[in-house]
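Down below is the structure, laid out as structure tokens.
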Amino acid sequence: MDHKSKLIVMLILEIPSIVLSILIFIYFGMHREARSELRNHGWLILLIVNFFQLIINLPMPLSYYYLNKISPATNAYCVWWTWCEFSFNSIGLFLMAWISIERHIIVFHAHTMLEKQWKKWIFHFIPLIFCLIWPPLFYFVLVVISPFCTTEWDFNTVLCGFPCYFTNVSLSQFDFNFNLVIPIIIIMLANVTLVIRVIYQKMSRQQMINWRHHRKMVLQLWIISSLYIGFWLPDIITVLVQITILPSFMDQQLETMEFAVYFIPLLLPMVCLTALPELMKKLKNIITRPQLNVIDVVHYNRRSKQMITVVAAR
């Protein structure tokens with residue numbers, strides 16, 4: 001896939017993604033009940049982070065694919081791009097991983113683990129805060145401050161090449177395993193075990209849980225988490241094979257896999273609409289609402305000898 005094709009695909013998806021994100025924010029702003037529900041907090045934070053990624057981070061690869069070079073070709077710009085991209089990607093993975101874990105709490109343990117305010121802080125707010133703070137802080141040290149080495153940026157490749165800490169085996173492996181591999185494993189395991197627990201509880205005829213209320217939530221989690229698994233897993237597996245077994249494994253395809261990760265922020269607002277059926281219904285009504293046909297009816301007033309126009313709608 002050449003740069004022009006990548007540019008066109010990203011532009012086609014970016015505009016509707018931004019518009020849909022704004023519509024979702026308006027929906028949450030107008031509906032206090034939806035905004036106050038604990039199960040929606042993770043999705044809303046994920047969408048806010050994703051929106052900033054759309055308007056701050058994605059214009060940089062778009063510029064590169066349009067110009068076929070880094071512009072401006074400065075170290076500061078490369079540091080900013082690398083820090084933004086690494087931070088946003090990791091925040092998204094950590095948030096998705098925690099949302100997957102939290103669904104177990106909401107479905108099976110809401111009455112015991114979320115009944116008091118201090119428990120809500122431990123099992124809800126603090127994990128979300130960690131997901132937002134850890135990646136930017138971690139990459140600020142390794143990319144922006146860079147106390148271990150000095151990076152020589154390449155102004156002719158996407159993302160200006162790689163930061164210098166990649167040459168440090170311990171740091172690069174910790175970054176890869178903790179910030180990428182562990183979150184994607186958590187997402188997969190949490191979703192699989194959630195379905196298993198749901199099936200087991202239904203087969204055992206335990207009626208303690210309102211399945212009709214939680215069924216959509218489980219399905220929505222599967223749909224949205226599949227977006228992260230589908231685009232991150234091939235990249236992670238390829239890098240793992242290169243590190244452990246065959247350094248040249250899928251080397252030519254790796255760039256395409258890394259580009260595919262951009263589809264996550266581009267598609268996330270569209271996929272998240274499945275979690276908001278009320279908003280989908282309103283948008284559908286606006287799009288399919290029949291237009292009024294305006295008819296001008298003219299009457300003649302004999303006394304004033306004037307023409308009177310009456311507007312009627314049909």
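So the values come out like this:
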{"item": "Candidates I186, I209, I236, I196, filtered to the one that is closer than 24 Å to H104 by Cα and modelled with pLDDT of 90 or more", "result": "I186"}
{"item": "Whichever residue in the range 239-274 is at pLDDT below 85 and under 21 Å from V49 (Cα atoms) and, among such residues, is surrounded by the fewest Cβ atoms within 10 Å (Cβ to Cβ)", "result": "T274"}
{"item": "Criterion: at pLDDT below 60 and surrounded by fewer than 16 Cβ atoms within 10 Å (Cβ to Cβ) - qualifying residue of I287, I295", "result": "I295"}
{"item": "Condition check for S63: modelled with pLDDT of 90 or more, buried (at least 19 other Cβ atoms within 10 Å of the Cβ) and of a type in the set (S, T, Y)", "result": "no"}
{"item": "Selection from the range 143-158 of residues that are touching a Lys or Arg at 6+ places or on another chain (Cβ under 8 Å) and surrounded by fewer than 15 Cβ atoms within 10 Å (Cβ to Cβ)", "result": "N156"}
{"item": "Wholly enclosed helices (runs of 4 or more DSSP H) of the range 1-52 bearing at least 2 residues under 27 Å from F130 (Cβ atoms) and aliphatic (A, V, I, L, M)", "result": "38-52"}
{"item": "One residue from F176, F140, F162 being modelled with pLDDT of 95 or more, under 29 Å from T238 (Cα atoms) and either open to solvent by 80 Å² or more (accessible area, probe 1.4 Å) or touching a His at 6+ places or on another chain (Cβ under 6 Å) (or both)", "result": "F140"}
{"item": "Single condition A76 does not satisfy, out of (1) assigned to a helix (DSSP H, G or I); (2) small (G, A, S); (3) in contact (Cβ under 8 Å) with a residue 40 or more places away in the chain", "result": "(3)"}
{"item": "Pairs, first in contact (Cβ under 8 Å) with a residue 12 or more places away in the chain and of a type in the set (A, V, I, L, M, F, W, C) in the range 161-174, second open to solvent by 30 Å² or more (accessible area, probe 1.4 Å) and in a loop (DSSP other than H, G, I, E, B), C-beta under 9 Å, six or more apart", "result": "C164/F148; C164/C149; C164/T150; C164/E152; L171/F148"}
{"item": "Residues located in the range 29-60, provided they are under 16 Å from the mean Cα position of the chain (by Cα), surrounded by 15 or more Cβ atoms within 10 Å (Cβ to Cβ) and aliphatic (A, V, I, L, M)", "result": "L44, I45, L46, L47, I48, V49, L54, L58"}
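The values are calculated or read from the model by the stated rules, or taken from the named source; none is laboratory data. Remember, it's a predicted structure, so these values are computed and weren't measured experimentally. As a convention, Cβ positions derive from the backbone with ideal geometry for all residues, glycine included, and neighbour counts pool all protein chains shown. Side chains are part of the model used for accessible areas, which takes the heavy atoms of the whole protein and leaves out ligands, DNA and RNA. Shrake-Rupley method; radii C 1.70, N 1.55, O 1.52, S 1.80 Å.
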